[in-house]
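Okay, so here's the structure we're looking at.
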Amino acid sequence: MGVTKELCNFVYKNKFTDLDDKTINSTKTAILNIIGCMIAGYQTRIGKLHTEIAKDMGGGRDQSTIIGDGSKVSIPLATYANGNFGFALDYEDTVLYIAHPGYITTSSVFAMAE
């Protein structure tokens with residue numbers, strides 16, 4: 001829990017106004033990249049499969065939109081579908097190719113915010 005606790009403390013203690021312009025602009029660029037990957041990924045064969053799975057399962061609630069399709073499903077299933085769209089083309093959101101945090105974090109935030 002050391003790293004998780006440290007990250008949570010950082011987020012809790014800092015405000016948007018504490019961020020420098022370079023950080024803000026880099027984050028905006030990364031989010032736009034992920035949105036583009038989600039839109040493109042939706043159009044793929046695997047994207048269509050994830051759409052159908054999310055719609056078939058539904059989750060019982062019309063809470064969040066499946067990007068590209070427009071259907072509303074539960075928050076977890078919208079996160080599932082949209083996150084998989086972002087990864088469908090296997091474009092990396094980090095330079096080191098170690099992890100791909102952007103797809104799932106962005107799709108989670110979109111689903112929750114909606």
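The values are calculated or read from the model by the stated rules, or taken from the named source; none is laboratory data. Note that the coordinates shown come from a computational prediction; the quantities given were computed from them, not determined experimentally. Neighbour counts run over all protein chains shown; Cβ positions are idealised from the backbone, glycine included.
May I ask you to list the residues in segment 56-84 that are in a strand (DSSP E or B) and either surrounded by fewer than 23 Cβ atoms within 10 Å (Cβ to Cβ) or among the small types (Gly, Ala, Ser) (or both)?
So the first thing to find is which residues in segment 56-84 are in a strand (DSSP E or B), and the list is 64-65, 72-73.
64, 65, 72 - these are the residues of segment 56-84 that are in a strand (DSSP E or B) and either surrounded by fewer than 23 Cβ atoms within 10 Å (Cβ to Cβ) or among the small types (Gly, Ala, Ser) (or both).
Conditions (1) closer than 19 Å to residue 40 by Cβ; (2) at pLDDT 85 or above; (3) over 10 Å from the mean Cα position of the chain (by Cα), marked per residue:
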residue	(1), (2), (3)
66	yes, yes, yes
70	yes, yes, yes
79	yes, yes, no
84	yes, yes, no
92	yes, no, yes
99	no, no, yes
102	yes, no, no
107	yes, yes, no
112	no, yes, yes
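Just the residues that are exposed (fewer than 12 other Cβ atoms within 10 Å of the Cβ) and touching a residue at least 40 places away in the same chain (Cβ under 8 Å), please, taken from segment 14-55.
Across segment 14-55, there are no qualifying residues.
Considering (1) touching a residue at least 12 places away in the same chain (Cβ under 8 Å); (2) surrounded by 15 or more Cβ atoms within 10 Å (Cβ to Cβ); (3) part of a helix (DSSP H, G or I), say which one residue 105 fails and leave the rest.
In the conditions (1) touching a residue at least 12 places away in the same chain (Cβ under 8 Å); (2) surrounded by 15 or more Cβ atoms within 10 Å (Cβ to Cβ); (3) part of a helix (DSSP H, G or I), residue 105 misses (1) alone.
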